[in-house]
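Enquirer: For reference, the structure I am asking about is given below.
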Amino acid sequence: MHSLGIAFDLLFGSPIILYSIIGLTWGIVGGSLPGISASITMALLLPFTYGMAPVQAIVMLACTYIGAEYGGSIPAILIRTPGTNSAAATVIDGYEMKRQGRAGEALGISLWSGVIGSLFGLLMLVVMTEPLSWVALAFKPTSYFALGILGLSVIASMTNGSLLKGLAAAVVGLMIATVGTDPISGVTRFTFGSPELLGGVEPVLIMIGVFAVSELMMQSGSKGLGGIGEQVRVRLPSLSMMNRLKRSQFIGCLLGTFEGLTPGGGGSIAAFLSYNEARRWSKEPEKFGKGSEEGVAAPETANNTVASAALIPLLSFGIPSSNSTAVLLGGLLIHGLLPGPRLFEQNADVVVGLYLGSFIATLAQILVGILLLPFCVWLVNRPRAYLAGFILALILSGIFTLNTSLFDLGIALGMGLVGYLMRRAGYPFLPLILGVVLGHMVESSYRRSLLLSGGDHTIFLEDPIAVGLLIASTIFVTLSLVREFRDARNAKLKDVHA
Amino acid sequence: MRHLAIATAVAASLSAWSATHAVAQTPVDYPQKVVTLVTHSSPGGGSDVFLREMAKHLPKYVKATFIVENVQGGSGARAISRLAAAPADGSVFYATTPTYIYTSLLSKVQHGYKDVEPLANFFTDSEVIYTRADGPFKTLKDVIDKAKSTRGRWGAANPASLERQAAEQLKKAAGVSPAVVSHEGGGDLMINVLNGTLDIGVGEIPELRPQLEAGKIRLLATFDPQRMEAFPAIPTVKESGYPVALEKFRGLAGPKGLPAEITKIWDETVPKVLADPEYQKVYKTESLVPNFIPHDKYQGFIQNFGSTTETFLKESGVLK
Amino acid sequence: MREQAALKDLAGGVAVLAIAGLYYWATGDIAESTLSDEVGASGLPRILAFALAGLGLILTARAVMAGALSPAHEPAAKSPAPETDDETSTLPRALGFLAFGVAYVCLVSFIGYLPAIALLIGAVALYEGAPRNWKTLVIAAGGALLYWGIFVKILGVHQPSGLFF
C-alpha cells in the first residue's frame, strides 16, 4: 500500500509525466540521428538534469533510453541507416518493406513491437528484479564465450546460399574486432600508433558505412527510389497482424531480457539473435530478408526489452550492463543515490518513480510515434536528388558526434566502399556485422577462461550454461548446413528439369 | 558540448555566489575572466564529475568563471592536444589522471604527457584489494598463501591500467604467480569476484560502494601509502608485508610555460579549496583522498610516475 | 553472363587473399608481453589470417574452375549485360558519389561546418540530377542551417570548426 501511495503522490504531486515525455521525445530524436547512440543521447542530456530533483532526473534519463532504442529503427527502415547499433538488425527487413512501398506498415510494426518490448521489460523489472538479478551473477567468462559462439552460429544461416563468401565476410568482421587494445595483455593491435584506434573501431561506423553509405553509392544516378511516391499513412498493425507477430515478439522479449541482465552487447546482440530465432521458428521463414513483418518485430521488441531489463542489474548491483546504463549510473551518483539493495529501502520514491515514469513513457511512445512518423515519411519522399545529399550530410554530421573526430568519418566512408564492393561481388555483409559485434566478446572470454583454468579446456564443461549454449549452437549449425545443402541440391535438380 | 558546459557553469557560479556569502571569503584576483577545464571523460564519467564538483567551489577562492569542456576520443590524446595548443596564460587546464600517461606511452600521440606542464595535484583515488564477503579470504595473507599453494585467480578492471600494474607489482613483491585476468571495467570485474570466479579484484572504492554497503564485499587492503580515512580498519598493502604503494593521482595540467604568477595563485588556492567544509563533504563520500602537491614538486611527481610506468610496460613487453 | 559472374568471383577471391596477406603482415607489429596469456595477443589474429587465406584460395579456385579465365568471357564483358539488380550504379559513378564525402572530410576543417555541409548537400544534389537553379541553392543553404541548428544549437555538439567559422 505504501508504494501505491508514493506512486499516487508522484503522479499528481510532481509533473513526472512531463519529465518522462520530454525524456522520451528527446530519446526518439537523438536515437533517430545516425551515430548518436542511446548513451550519447543520454550523456548530452545529463548536464541539464544536475539541477533537477533526483526522481525527475532519473525518470528523464531512463525514458531517454527507451526513446532512443525505439528511435534507432526509424532511419533503419526509411533510409537504411541504423540510428543506433541495436537497430542494425531492423534494417534487413525494415528497409526491404520500405522498398516495397510498405514503409508505413513497417514503422507501425516497429512502434508496436517497441511498446510490447518495453512493457515486458518493465514487468520483469517490477516483479522479477530479485530472482533475475542472480542470472547476471551466474554468467562466468565461460558462459560469455558460449553465448558469443551461439551468436556466431547464426552466420551459417545468413549467407544467402553462399556459405564460403559468408564465412569470409565473418572472418573479416572478426578481424576488425581485433583492432585496438588487447583485452588481456593491453598491448596495442593494428593501431599503427594511432591513439584514435586504441579503443577499437566503433561498430556503428561499420554498420552505417556498410548499410547506408553503400546503399547511397548503389543508388547513385538512379531516377527514383524503390516504390516512388508512397504517401502511405503510418498504421499500427491490425489485430490479425498482431496475432501473427506474437511469436517473434515473444522471442524478442525473452532474448532481450536475457541480454539486458548480462553485461556487454547492449542490445545489438539480442537484436541479431532474436532476428535469427524468429526466422527459425517462423511459419514463413522464406519471407525473411524479403520484407518480413516478423523480421522487423523481433529485433525491435528485443532492443526495447533490453532498455528496461538493463535497469535490473543496475538497480540491484550498481552494475551497468551497457554504455547507456553507465550514463544512468552517473546520473544516480551525481544525485547522491547509490544503486544496490538499499536503494529500494532508502529511496523507494526514486524506484517507484522510475517504474511509473517508464510506464508512462511506454504508453506515450505510441502517441509521440504517431505524431512524429508521418513527418519522417514525408521527409524521405522528397525528390531523390536532394534526399541523397541530405542523407549523406546527416550521416557525416551524426557520426562526428561519436568522438568529435574526422577519423571516424573516414572509417565510415571507407566501409561504405567495402560494402559497395561486397554487394557487387555477391558477398553477404550480415556475417561481417556479426563478426564485428561479437568478436571482442568471443576472444576475450575464451582467453579469460583459459587463463583461469591454466590452459585446461575442460573448464567449459564445468559450466552448465556454457554446455547448454554450445550444444544449442552445434544443433543450429548442423540444421542450417543440412538445409543449405538440401536447398542447393533442389536448385540443381530444378536446373536439370528446366 | 561547449554550449552545455556554459549552461552548467552558469548554474555552478550562481550556486557558488550564494555560498560565497555564507563563508565570507574574498576571492583572489585572477588574470583571466573565464577558465576552461578540459577533460577526456564523457559527461558523468570520473574526471568529468571531479571537475564539475571542483568548478562549483573554486569561484569562492578565485575570481573567475570555470567552464568544463569534454574533449573525448583517442583515450585522452585529443584532450592533451587541445591543451598543448592553448595559450599558456592560465585560461585552459586539463584534468590529469594516469590515463594520459598510458595513452602517451602506448601510442604515437601528437602531444604526450611531456608536452604539457603539470600544475598541481588535488586528490588520490584509493586503489583497494577486495574479495567476496562469504569467501574464504579474511586477510591479504590468506590470498597470497592460496596463490603459493595452488593457482591463484586475481582480477584487474582493465588491461594496461594502473590496477593491472598494481596486481603485477604485488605478485612480484610476494613472489607468487597467480593468473591476473583483465576485464572490461569495474562492473565486469566485480561480478566475477562476487560469483567466486576470482579470488580477489583490484579496484576503486566508488565502483564498490553499492556492494560494500550491502555487505557483499570485504576490503582486504589498500595500495594507498597511508590507511584510508573512511576505512581505518583496513591495512595498507605495505603494512601487510608487501612493499607496494600506488597513487592514482587527480590534478590539473596546463600548456608549457605557465607564468609564475598563475602557478602561485593555484599553489595558494588548492589547499584552501580542499579545506572547504562543503567541498570536503562531497569528496569524502567519493573516498577521494586530498593530496595537495604544489607546482614545483608536481613536475617531478608526474615525471617519476611516467618513467615508472614506462619501465613497467617495457619490462613486461607491452612496449617494445 | 555466367563468365561475368565468375570474373566477379575471381576478383572477390583475390581481394580476400590480399586482405588475409595484409592482415597477416600487420600481426608482426603486435608486441609479445609477459602480461599476456598462452593464446597471446597475436593468437587469434594469426588464426583469422590463415582461415581467411584458406577461404580466399577456395573462392579463387572455384572461380577459375567456373571459367573466369576462359577466353569466352571477353565478349560477355563488353556487351552491356542486363544487371540482375536494376538499381545498381556503375563503379565510377559510385566512386564519384563517395568522393563528395571524402571532399567534405578534407574541406571541413578549413572552411567550417556550415559552408561545408551546404556545399556537400548542393554538390550531391547536382550530381544526382537536381536542376541547376536558385531552388537547389536555397535548399542546400536551408539544409545546412537546419543541420547546424539541430547538431550545434539544439544538441550542443561540436562540429568541426574551420579557419573562419
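Enquirer: Inside 10 Å of the C-beta atoms of A:378-391, what's the mean count of C-beta atoms belonging to other chains?
Expert: Rounded to a whole number, the mean comes out at 5.
Enquirer: Just going by the charge dipole of the protein assembly as shown, with Lys and Arg at +1 and Asp and Glu at -1 on Cβ, which of C:17, A:353, A:172 is farthest out on the positive end?
Expert: With unit charges placed on the Cβ atoms, the residue in question is C:17.
Enquirer: Mind running the shape call on segment C:91-154? Use the C-alpha gyration tensor, a ≥ b ≥ c as the square roots of the eigenvalues: rounded below 1.5 for a/c, prolate if a/b tops b/c, oblate otherwise.
Expert: Oblate, because a/c is 1.5 or more while a/b does not exceed b/c.
Enquirer: Mind checking the angle between helix B:295-315 and chain B's longest principal axis? C-alpha axes, 0 to 90 degrees, to the nearest 10.
Expert: With rounding to tens, the tilt is 40 degrees.
Enquirer: Could you report the buried accessible area between B and A, both sides summed, computed with a 1.4 Å probe and given in Å² to the nearest 100?
Expert: For B against A, buried area totals roughly 3800 Å².
Enquirer: Give me the percent of accessible area attributable to carbon and sulfur for chain A, probe 1.4 angstrom.
Expert: Answer for chain A: carbon and sulfur cover 68 percent of the accessible area.
Enquirer: Follow-up. Go through B:100-108, B:149-157, A:104-112 and give me the packing order, highest mean Cβ count within 10 Å leading.
Expert: Those peptides, ordered most packed to least, come out A:104-112, B:100-108, B:149-157.
Enquirer: Give the relative contact order (percent, whole number) for segment A:79-224; include only Cα pairs under 8 Å separated by 6+ residues.
Expert: Here the relative contact order equals 27 percent.
Enquirer: In addition: Which residues does the label zone of residue C:93 cover in segment C:114-133, counting backbone N under 18 Å from a point 7 Å along Cα→Cβ?
Expert: Of the residues in segment C:114-133, C:124-131 have backbone N under 18 Å from the label point off residue C:93.
Enquirer: Other chains near C:133-146: what is the mean number of their Cβ atoms within 10 Å of each residue's Cβ?
Expert: Counting other chains' Cβ atoms within 10 Å and averaging over C:133-146 gives 2.
Enquirer: Computed on alpha carbon atoms, what radius of gyration and Dmax characterise segment B:127-222, expressed in Å?
Expert: Here Rg and the maximum Cα pair distance are 11.9, 34 Å.
Enquirer: FRET efficiency for residue B:315 and residue C:22, Cβ-Cβ distance as r, R0 = 41 Å, nearest 0.05?
Expert: 0.85
Enquirer: With the full set of protein chains in place, find how many percent of the accessible area of segment B:127-222 is carbon and sulfur; take the probe as 1.4 Å.
Expert: Of the solvent-accessible surface of segment B:127-222, carbon and sulfur hold 46 percent.
Enquirer: What ranking, highest mean first, results for peptides A:453-463, B:163-173, B:302-312 when packing means the other Cβ atoms within 10 Å averaged over each residue?
Expert: Top of the packing list down: B:163-173, B:302-312, A:453-463.
Enquirer: Let me ask something else about it. Can you give the FRET efficiency for residue B:151 and residue A:345, using 1/(1 + (r/R0)^6), R0 = 56 Å, r = Cβ-Cβ distance, to the nearest 0.05?
Expert: For R0 = 56 Å, the calculated efficiency reads 0.90.
Enquirer: Given the C-alpha centroids of segment B:174-208 and segment A:443-498, what is the distance between them in whole angstrom?
Expert: The two parts, judged by their Cα centres, are 31 Å apart.
Enquirer: Which FRET efficiency, nearest 0.05, do residue B:141 and residue A:478 yield, Cβ-Cβ r, R0 45 Å?
Expert: 0.30
Enquirer: Label points 7 Å out from Cα along the Cβ direction at residue A:492 and residue B:245: separation in nm?
Expert: 7.6 nm
Enquirer: Determine the gain in length on full extension of the stretch residue B:89-residue B:296; use 0.36 nm per residue of separation and subtract their C-alpha separation, reporting nm with one decimal.
Expert: Extra length from residue B:89 to residue B:296 when fully extended: 72.8 nm.
Enquirer: OK, next. Taking 8 Å as the Cα distance limit and 6 or more residues as the minimum spacing, I'd like the relative contact order of segment B:127-222 as a percentage.
Expert: Reported relative contact order: 47 percent.
Enquirer: Average partner chain C-beta neighbours within 10 Å, per residue of B:204-210?
Expert: That works out to 4 on average.
Enquirer: Cα centroids of segment B:94-157 and segment C:12-39: how far apart, whole angstrom?
Expert: Taking the Cα centre of each part, segment B:94-157 and segment C:12-39 sit 30 Å apart.
Enquirer: Sticking with this structure for a sec: Given a 1.4 angstrom probe, what's the average accessible area per residue across the protein assembly as shown, in square angstrom?
Expert: Accessible area per residue, the protein assembly as shown: 38 Å².
Enquirer: Peptides A:17-25, A:204-212, B:112-120: what's the order by average Cβ count within 10 Å, highest mean first?
Expert: A:204-212, A:17-25, B:112-120
Enquirer: Starting from the Cα of residue B:110, move 7 Å in the Cα-to-Cβ direction to define the label point; list residues of segment C:97-116 whose amide nitrogen is under 17 Å from there.
Expert: It comes to C:105-113, nothing else.
Enquirer: Just the Cα atoms of the protein assembly as shown: what Rg and Dmax do they give in Å?
Expert: In order Rg, Dmax, the Cα atoms of the protein assembly as shown give 28.3, 97 Å.
Enquirer: Between the alpha-carbon centers of segment A:374-397 and segment B:275-320, tell me the distance in whole angstrom.
Expert: Answer, in whole Å: 50.
Enquirer: Could I ask something else about it? Between 0 and 90 degrees, rounded to the nearest ten: what's the tilt of helix B:260-275 against the longest Cα principal axis of chain B?
Expert: In chain B, helix B:260-275 runs at an angle near 60 degrees to the longest axis.
Enquirer: Taking 7 Å along the Cα-to-C-beta vector as the label spot, tell me the residue A:233-residue C:106 distance in nanometres, rounded to one decimal.
Expert: Using points 7 Å along Cα→Cβ, the separation is 5.1 nm.
Enquirer: How high is the relative contact order of chain A, in percent, counting Cα pairs under 8 Å that sit 6 or more residues apart?
Expert: With pairs under 8 Å counted, the relative contact order is 28 percent.
Enquirer: Still on this structure: Would you mind computing, in nm to one decimal, how far apart the modelled labels at residue B:280 and residue C:133 are, each placed 7 Å from Cα along Cα→Cβ?
Expert: The modelled label-to-label distance comes out at 7.6 nm.
The values are calculated or read from the model by the stated rules, or taken from the named source; none is laboratory data. Computed from a prediction, not measured in an experiment: that's the story for all the values here. As a convention, Cβ positions derive from the backbone with ideal geometry for all residues, glycine included, and neighbour counts pool all protein chains shown. The area values use the complete protein model at the heavy-atom level, side chains included, leaving out ligands, DNA and RNA. Shrake-Rupley method; radii C 1.70, N 1.55, O 1.52, S 1.80 Å.
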